[in-house]
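The values are calculated or read from the model by the stated rules, or taken from the named source; none is laboratory data. No experiment lies behind these values; they were computed from the predicted model shown. Quick note on the areas: whole protein, heavy atoms, side chains included, nothing else; ligands and nucleic acids left out. Shrake-Rupley method; radii C 1.70, N 1.55, O 1.52, S 1.80 Å.
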Amino acid sequence: MALNWGVCLPGSGKYDGRKVRFAVDYGSFPKSPIIPNSIKYFNGFSHNKEKRRVSVIVNPDRVTRCDFTTKLITDDPIAENFYNEFIKANIPLFGSYQEVQKYIRFYCFDDKGLDIPFVPNVDDITSSTGLNEISKAFLPAMFLVAAYFSYPYLKKNLKKRKSK
């Protein structure tokens with residue numbers, strides 16, 4: 001089973017930037033994850049507890065940047081193996097492979113951390129979470145804008161009612 005990166009128009013060439021890391025983000029986990037020893041032996045393994053993610057270095061020759069986005073994708077088998085090992089280790093916490101998948105997301109980023117997608121792919125938990133976060137940020141702003149522009153109208157109508 002290959003990783004599903006969602007809709008992506010692969011670029012014309014391979015990514016020729018810095019080192020690229022494949023990350024599994026467990027920020028939505030309600031519990032502490034199990035980090036098995038088997039994934040600690042992958043090339044360049046890193047566990048960032050603050051950002052709640054684990055990552056490994058992937059072969060830059062197998063990384064492509066999608067056209068019209070900053071999204072990086074990889075077809076390196078190391079990424080898929082790393083992802084599957086992490087999920088298998090956490091099945092005891094959730095009961096099934098599919099349940100673990102609901103709480104994690106995956107992405108590639110360069111070693112400077114600049115290529116984390118703003119809105120990740122549709123088949124990933126972060127797509128709905130990302131859209132929810134965006135809507136939470138914009139709905140209060142839209143409400144304030146609507147209140148600002150409707151205030152003169154409401155003030156005018158309330159004065160008319162009081163004078164009657």
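Some observations on this one:
- Residue-level accessible surface for LEU158, protein heavy atoms, 1.4 Å, Å²: 100
- Heavy-atom accessible area, probed at 1.4 angstrom with all protein chains present, ranks SER28, SER55, SER96 as SER28, SER96, SER55, highest first.
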